[in-house]
Amino acid sequence: MKLTILGCYAATPRTITNPTSQILEIRNRMFLIDCGEGTQVQLRKNKLKFSKINHIFISHLHGDHFYGLVGLISTFMLLNRQTELHIYGPKGIKEIILIQLRYADSFTGYDLYFHELETKQSEVIYEDDKVIVKTIPLRHRIYTNGFLFQEKVGDRKLNIDVVNQYEIDSCYYQKIKNGKDITLEDGTVLSNEELTFDPIKPKSYAFCSDTMYDELIIPIIQGVDVLYHEATFLESEADKAQKTKHSTAKEAATIALKANVKQLILGHYSTRYANIELFKEEATSIFPTTYLADDGKIFEFN
């Protein structure tokens, strides 16, 4: 599982920082999460292939989280994209994007699908044979969701030494990986536990931005491998966090601690602060395994 931070600062773009956008690579899928201004420039800077993005998840309709979307959609068209593109976001996102495309007379040459969200309950919005994605309802000034990405349990791993010892034909390998026992020609039954090792433990990633402190998300994100949680303010500006329905670094760390997550990544910093290390200092006093997102930073989780 690999996370590339394209942008992680709040509100307005600057020459030195970018608004929220990130790429999650999980089980050979590449998911774009939020799409603030400058996202496609950041994709190029980080040498990420546009063509691999088939699913885009938009948390909410504040500009610093989706104003780069119509530009990216248009660039896909200029690059002669043929693969369909799926966009998951709040109700209204389809109308916003299609109006812009209509007045620009630049409709896509590829199939564009919108999956509009409006429920305030967690729901599955994407699933294939390897990954499942659920919403994480958040508390912000407008309708907002985070997203939980979970790997499915993979195949069991062959104990090749034992398999070779019994001279099992390779045509049975997938059956064994699927957890089945094998019966030899002499009637001997070999248990799957003897022939295989446990599969690699599936990983999970929770993206939570923007939101005020809300313990209702804890059951949804309980025990995730990695939690990205907004930390727009330091605790000294907790009143501003409350007023704008954002979180402090301390609050993000408290959520991580109560949800028993393995690692916390902070982001969505207000640009009022000259040194983001202050966010880490505040959070690690509560949750030691805390890291700072920053534009262009890559996290790999094995």
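If you filter segment 97-110 down to residues that are farther than 25 Å from His60 by Cβ and open to solvent by 70 Å² or more (accessible area, probe 1.4 Å), you find that the one that is modelled with the lowest pLDDT is Phe107. For the condition touching a residue at least 12 places away in the same chain (Cβ under 8 Å) and not small (Gly, Ala, Ser), Val224 qualifies.
Quick check on segment 244-302: of everything there that is of a type in the set (D, E, K, R) and in a loop (DSSP other than H, G, I, E, B), which residue is most open to solvent (accessible area, probe 1.4 Å)? Among residues in segment 244-302 that are of a type in the set (D, E, K, R) and in a loop (DSSP other than H, G, I, E, B), the one most open to solvent (accessible area, probe 1.4 Å) is Arg272. Test Ile176 against the stated conditions and say whether it is surrounded by 11 or more Cβ atoms within 10 Å (Cβ to Cβ) and assigned to a loop (DSSP other than H, G, I, E, B). Judged against the criteria, Ile176 is not a match. Looking at segment 233-240, can you tell me whether even one residue there is small (Gly, Ala, Ser) and out of contact with any strand residue (DSSP E or B) (no Cβ under 7 Å at 6 or more places or on another chain)? There is at least one residue in segment 233-240 that is small (Gly, Ala, Ser) and out of contact with any strand residue (DSSP E or B) (no Cβ under 7 Å at 6 or more places or on another chain). When segment 61-96 is filtered for residues that are open to solvent by less than 40 Å² (accessible area, probe 1.4 Å), of a type in the set (Val, Ile, Thr) and outside any strand (DSSP E or B), the ones remaining, listed by number, are Val70, Ile73, Thr75, Ile93. Scan segment 207-238 residue by residue and report those that are open to solvent by less than 10 Å² (accessible area, probe 1.4 Å), of a type outside the set (A, V, I, L, M) and under 17 Å from the mean Cα position of the chain (by Cα). Across segment 207-238, the qualifying residues are Phe207, Cys208, Ser209, Asp210, Thr211, Tyr228, His229, Glu230. Restricting attention to segment 141-159, the residues that are open to solvent by 40 Å² or more (accessible area, probe 1.4 Å), assigned to a strand (DSSP E or B) and at pLDDT 95 or above total 1. For Ile136, the conditions (1) under 30 Å from Ile255 (Cβ atoms); (2) outside any helix (DSSP H, G or I); (3) out of contact with any helix residue (DSSP H, G or I) (no Cβ under 6 Å at 6 or more places or on another chain); (4) open to solvent by less than 40 Å² (accessible area, probe 1.4 Å) are fulfilled apart from (3).
The values are calculated or read from the model by the stated rules, or taken from the named source; none is laboratory data. Remember, predicted model here, so these are calculated numbers, not experimental data. Cβ sites come from the backbone with ideal geometry, for glycine too, and all protein chains shown count toward neighbours. Each accessible area value is taken on the protein alone, full model and side chains, heavy atoms only, with ligands, DNA and RNA left out. Shrake-Rupley method; radii C 1.70, N 1.55, O 1.52, S 1.80 Å.
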